[in-house]
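What follows is a set of notes on a single structure, which appears directly below.
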Amino acid sequence: MSNSSAPYGGASTRRGASGAKGNPMYEWLHKTLVTRLNLPQGGITPQATPEEAGLDSLAMTELVMVLKDELGVTVDEDELYELRTIGDIAAFLEARSGSGARGEPVVR
């Protein structure tokens, strides 16, 4: 993959793109990162890298557990580390989770 392309559907950080603000999976991920993982809200944007958002190795492990528990999605941490931005993670999760018809996360 080239450095200029975003995984899972192209430029995921554009408004309306699958990993962007206003997308239910992005909004779910943002809320989860803030409320469950206690990451600072201001650092979490679709364009932020996981590191900029505060996703260190412990937070990434916690996120993997939350994804399994709440969405029934099994994800390897290495898969998440390969994604460049929070928007890319949201797009990846949307594709992996089989979100509802309107793109809403199917929380178990």
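Here, each number is a calculation from the coordinates, and none is a lab measurement. Computed from a prediction, not measured in an experiment: that's the story for all the values here. Ideal geometry is used to build each Cβ from the backbone, glycine not excepted, and the neighbour counts take in all protein chains shown.
Amide H to amide H distances under 5 Å link Val75 with no residue, where only residues 5 or more positions off or on other chains count and H is placed in the peptide plane. Model label points for Ala95 and Thr49, set 7 angstrom from Cα along the Cα-to-Cβ axis, are 2.1 nm apart. Across the alpha-carbon atoms of region 24-97, the computed radius of gyration and Dmax are 10.6, 28 angstrom.
Karplus-based coupling profile of region 72-83, in residue order and whole Hz: x, 9, 8, 10, 8, 3, 4, 5, 5, 5, 6, 7, with θ = phi - 60° in 6.51 cos²θ - 1.76 cosθ + 1.60 and x standing for Gly or Pro. The gain in end-to-end length when the Thr35 to Glu82 segment is fully stretched comes to 14.5 nm, 0.36 nm per residue minus the alpha carbon separation.
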